[in-house]
Amino acid sequence: MQIYDTFLGSSPLWIVFAVTVVIVLLSIVAGYKIGHYVQERKKYGSVISAGSVVAASLALLAFMLAFTFSIAYNRFDARKQIVLDEVNAIGTTYLRADTLPEPPRSEARKLLRDYVNTRASLPNTDYWNKPEKVQDLIAKSEAIQDQLWSQVVYMGRTYPDSEIVSLYITSLNEMIDLHTERIVVALQYRIPGPIWGALYLLTVLTFGLVGFEIGITGGGNVWASFIIAFIFSTVIILITDLDRPMQGHIAVSQQPMLQLQEKVQEGGP
């Protein structure tokens, strides 16, 4: 389903909120008109109630919201852990680079400082509005990785029995693996489109039943409908924000990476 990429994935959060409110209100109004029509015509001969069906539908919708929120939060938590893991891997690689012989030592430390600067800039770039800039930063990171790897290939051949070089290669390999993992989790692991589709379909049906019940029984009021729409849309916005790692207001703290950036800059050549 492309609805996520074209709307939920890239539209401003306030637009997602407004559209969700409209969908909920229209569902309630449509259900109300149908229920009122049925009651006026007395199609079933007496006042009927869909209260039990409405309650079951609301419970199912609440479960679906909780399920979707759980997916978004688990991904958010995973992104947070990956940042810490990557910071530790880069820090270890930088420290081990200090044990290398010259001139590889100075070259590696300079490349790693450039790498940290690039990684620190990545989360501050809006992927959905500036995807080309994000791709440029990723390409720059991978270019630095290639230079570092070319360097260790040379050192591996020059110092084949060096335990220091072996440890450095191990930490560099872990750093490269975490780069790939972080990019995949941040840019590719999102709430699947079919889940969003099922959630919105269930929303339309559930609030349609709510409106139908109001139309049948003659109860309810306009303000209650607005409050319901606002509450539901707020939860949807929260989930959407959690599912946007490089856009929105809920973001993984980059403080560990910034602290590492400051540390390696102070380390000098």
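What follows draws every value from the coordinates through simple rules; no lab data is involved. Just so it is clear, the structure is predicted and the values come from calculations on it, not from any experiment. Reconstructed Cβ throughout: ideal geometry from the backbone, glycine too, with neighbour counts over all protein chains shown.
Of note:
- Counting every other Cβ atom within 10 Å of each residue's Cβ, PHE207, PHE67 order from fewest to most as PHE67, PHE207.
- Only lysine pairs 8 or more places apart or on separate chains count here, and in the chain those with Cα atoms under 27 Å apart total 13.
- Angle in degrees between helix 51-97 and the longest Cα principal axis of the chain, rounded to the nearest 10: 10
- Packing-based exposure ordering (other Cβ within 10 Å, fewest first) of TRP196, TRP14: TRP14, TRP196
- Percentage relative contact order, the range 3-267, counting C-alpha pairs under 8 Å, at least six apart: 47
- Compared with the dominant Cα axis of the chain, that is its longest principal axis, helix 131-158 is turned about 30°.
- Which of THR158, THR206 has the fewest Cβ neighbours within 10 Å, and the rest in rising order: THR158, THR206
- Prolate/oblate/rounded label for the range 3-267 (Cα gyration tensor, a/c 1.5): prolate
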